[in-house]
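A.B. asks: One structure, pasted below without further comment.
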Number of protein chains: 2
Amino acid sequence: MNAEIVNPFLVSLVNVLSTMAKTEAKPGKPTLKQGEKAQGDVTGVIGLSSAKTKGSLAITFKESAILQIASQMLGEEFGKIDDSISDVVGEITNMVMGGAKKLLSEKGYKFDMAIPSVIVGKDHTITHKTKGPVVLVSFETVAGNLFVEVCFE
Amino acid sequence: MNAEIVNPFLVSLVNVLSTMAKTEAKPGKPTLKQGEKAQGDVTGVIGLSSAKTKGSLAITFKESAILQIASQMLGEEFGKIDDSISDVVGEITNMVMGGAKKLLSEKGYKFDMAIPSVIVGKDHTITHKTKGPVVLVSFETVAGNLFVEVCFE
């Protein structure tokens, strides 16, 4: 998996958080380690597929980070992860995948999106079951970290 | 979403657990309540999509249930949820989706599968973000419960 495929997901995430939540997300160095797992308190995950390719995107947030992002998006304070936060994570996941789909489509990679799912639970981990590489990038925001995992076969 | 679409997922789960893990899984009554969430300790989730349709399948296990199922599948004892258990859940999820895809294909519903992801974390919940209905079915095994959620748009 090359940067041409991964970058649209990272660019899309930065765009979504910037335009929807006025939040700057600074990416760390992408890692390819198979053993590393994204860990956090709420995760949005969405699949993609076509006859030729398949993949998955997960965005995992620390509680502090998503509470701040949701407050920015919805204009009200949130003190804990509830159904509103879960909805926000589903929307962000959908928008990031939609943005990446558009960018990749311009490069000739066509696929369809599945339905996003949101997982809530203190310090859960997520692992993508693929024979191909999984790219993990951590992003820093003023309120805490979030993690993006992309895999593509 | 009608029984014609949901049943293949349920039939496929019963088949996979029976043939791969010699485990009988007895389904409870399917529920359509939007507020209900599958809750457990390890979840496999996989998306599906085509130009016409999209969806998601999640299988959530209580720890006791998956430890017993994995022991039956791999012929060794497991005392906690580790990477081997996570791999087993990924495989089961892939196989259940593959079986459902085959059954649905025979009825004229064609789609492609995404890459499965596995979430590990005590008592996490999973919610599918769809405007359509989400069917939740709980299954009973000798060692504990598991939950199947299917949505399809």
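Computed from the coordinates by the stated procedures, all read-outs in this text should not be read as laboratory data. In this text, all values refer to a predicted model and were calculated from it rather than measured experimentally. Methodologically, a virtual Cβ is constructed for each residue, glycine included, from the backbone with ideal geometry; neighbour enumeration extends over all protein chains shown.
A.B. asks: Restricting to Cα pairs below 8 Å that are 6+ residues apart, what does the relative contact order work out to for the stretch B:3-152? Please round to a whole percent. Numbers along the way, then the final one.
C.D. replies: Values: 292 pairs, mean separation 58.5, N = 150.
So the answer I get is 39 percent.
A.B. asks: Fewest Cβ neighbours within 10 Å first, please rank B:I66, B:I92 accordingly.
C.D. replies: Neighbour counts put them in this order, fewest first: B:I92, B:I66.
A.B. asks: Let me know the charge dipole size of the stretch A:73-153 about its Cα centre in debye, to the nearest 20, where only the beta-carbon of Lys, Arg (+1) and Asp, Glu (-1) is charged.
C.D. replies: Numbers: 8 positive and 12 negative charges, 108 e Å.
Computed charge dipole of the stretch A:73-153: roughly 520 debye.
A.B. asks: Which links in A:K54/A:K107; A:K37/B:K122; A:K54/B:K26; B:K22/B:K62 stretch past 20 Å when you go from one Cα to the other?
C.D. replies: Pairs exceeding the cut-off: A:K54/B:K26.
A.B. asks: Can I ask one more? Quick one: plug the Kirkwood hydrodynamic radius of the stretch A:15-96 (C-alpha pairs) into Stokes-Einstein at 20 °C, 1.002 mPa s, and report D in µm²/s. Numbers along the way, then the final one.
C.D. replies: On the way: Rh = 14.0 Å.
Roughly 153 µm²/s, to the nearest whole number.
A.B. asks: Now for a separate question. Would you mind listing the distances between the A:T53 label point and the same position in each other copy? Use 7 Å along Cα-to-C-beta, nm, one decimal, shortest first.
C.D. replies: 2.4
A.B. asks: Net charge within 12 Å of A:P30 by Cβ-Cβ distance, Lys/Arg positive one each and Asp/Glu negative one each, not counting A:P30 itself?
C.D. replies: Details: positive: A:K29, A:K33; negative: A:E36, A:E149.
Neighbourhood net charge equals 0.
A.B. asks: Give the calculated FRET efficiency between B:K102 and A:K22 to the nearest 0.05, with a Förster radius of 45 Å applied to their Cβ-Cβ distance.
C.D. replies: Values: r = 47 Å, r/R0 = 1.05.
Plugging the Cβ-Cβ distance into 1/(1 + (r/R0)^6) gives 0.45.
A.B. asks: Give the separation of the Cα centroids, the stretch A:1-74 to the stretch B:76-91, in Å.
C.D. replies: 27
A.B. asks: Roughly speaking, what is the stretch gain from A:E76 to A:T53, that is 0.36 nm per residue apart minus the C-alpha to C-alpha distance, in nm to one decimal?
C.D. replies: Length difference between fully extended and current span is 4.3 nm.
A.B. asks: Next question, about the same structure. Suppose R0 equals 22 Å. What FRET efficiency, 1/(1 + (r/R0)^6) with r the Cβ-Cβ distance, do A:D83 and B:K131 give to the nearest 0.05?
C.D. replies: 0.90
A.B. asks: Please report the projected area of the protein assembly as shown's Cα convex hull averaged over all directions, in nm².
C.D. replies: 14.7
A.B. asks: Next up: Let me confirm one metric for peptide A:129-136, namely the mean number of other chain beta-carbon atoms within 10 Å of its residues' beta-carbons.
C.D. replies: What the average comes to for A:129-136 is 3.
A.B. asks: Ratio of the stretch A:3-152's C-alpha Rg to 2.2 N^0.38 Å, to two decimals?
C.D. replies: That works out to 0.97 for the stretch A:3-152.
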